[in-house]
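Below is one structure; the comments refer to it alone.
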Amino acid sequence: MKFFKVLVGGCLLALFVAGGAGAQSSMAKDREKACRVTAETTYKNLRVAQEIHYVDEGSYTTDLNALIEKGYNPSHNAQVRLLSAQKDGWTVEITVIPCGLVVSFDSREMD
């Protein structure tokens, strides 16, 4: 049996978790959360590089190498596909490799 302390809404909750299915379910949820955070972090880092490219070049780009030249450092846990770039924004599909999570972001919807 494991003991965890969790802070929820300013209240400290103590949880006792027995081994087995409950612990595995919790681990799966933690892994899923880590995958979502990886996708969001990848998007945020990509967004910074896109904004630098926009300031320097006057446009967004679908060329990942151009963004790497602007300082973007790709995550080894995420595959990035730049789908489109318009004057007012861009879209990307990010696949988090360890869990196969695929997320699409549209910069115009993220403001």
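What follows is calculated from the coordinates using simple rules that are stated; it is not laboratory data. A quick note: this is a predicted structure, and the numbers were derived from the prediction, not measured. Note that we place each Cβ from the backbone using ideal geometry, even for glycine, and neighbour counts take in every protein chain shown.
At a threshold of 8 angstrom on Cα-Cα distance, excluding pairs fewer than six apart, so keeping six or more, what relative contact order does the range 19-109 reach in percent?
Reported relative contact order: 25 percent.
Once you have the Cα-Cα distance between Asp106 and Asn73, take 0.36 nm times their residue separation minus that, and quote the gain in nm to one decimal.
Difference between extended and current length: 9.9 nm.
When the Karplus curve 6.51 cos²θ - 1.76 cosθ + 1.60 is applied with θ = phi - 60°, which whole-Hz ³J(HN,Hα) does each residue of the range 83-97 get, with x for Gly and Pro?
7, 7, 9, 10, 5, 9, x, 8, 10, 9, 10, 10, 10, 8, 4
Given H placed on each backbone N at 1.01 Å, which residues far from Tyr60 in sequence or on other chains put an amide H within less than 5 Å of it?
none
Which of rounded, prolate, oblate describes the range 62-111, given a ≥ b ≥ c as roots of the alpha-carbon gyration tensor eigenvalues and a/c under 1.5 marking rounded, otherwise prolate only if a/b is larger than b/c?
Oblate.
Tell me the trypsin sites (Lys or Arg not before Pro) within the range 21-111 that lie in a loop according to DSSP and have at most 13 other beta-carbon atoms within 10 Å.
Lys87
Using a simple spin-label model with points 7 Å from Cα along the Cα→Cβ vector, what separation in nm is obtained for Arg36 and Glu57?
3.3 nm
Just to check I understand the Karplus step: with θ = phi - 60° and J = 6.51 cos²θ - 1.76 cosθ + 1.60, what whole-Hz values come out for the range 26-39, glycine and proline as x?
5, 5, 5, 5, 5, 5, 4, 5, 4, 5, 5, 5, 4, 5
Neighbour counts of other C-beta atoms within 10 Å: give me Leu67, Leu101, Leu83 arranged from fewest to most.
Ordered from fewest to most neighbouring Cβ atoms within 10 Å, Leu67, Leu101, Leu83 come out as Leu83, Leu101, Leu67.
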